[in-house]
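Take a look at the structure set out below.
The numbers here are math on the coordinates, done by the rules we state, and not lab data. The shown structure was predicted, so the numbers you read here are calculated from the model rather than taken from an experiment. As a convention, Cβ positions derive from the backbone with ideal geometry for all residues, glycine included, and neighbour counts pool all protein chains shown.
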Amino acid sequence: MHVAPVGGTAVQDHVALAEIELCGDLIIAASAAGEERLSLESIDEVLRVAEEREERKLTSGG
């Protein structure tokens, strides 16, 4: 029987962790919305789409 050694051998996938966090944020927002559906604008706000676009614009020199 092989047992994983004790001590930090786990590998973290930072992209997967970020996606999981965003999914959690969407679930929380949807729960807070009650009976109504989230609008596309609300989803973009939760996912910080505008912030990401602005950051990309600044880093690309546009």
> When you scan region 16-36, how many residues do you find that are of a type in the set (D, E) and under 8 Å from the mean Cα position of the chain (by Cα)?
Replying inline: 3
>> So the check is Cβ under 8 Å with 6+ separation or different chains; which pairs have a first residue in region 24-36 that's farther than 15 Å from R48 by Cα and a second one that's polar (S, T, N, Q)?
In response: A33/S42
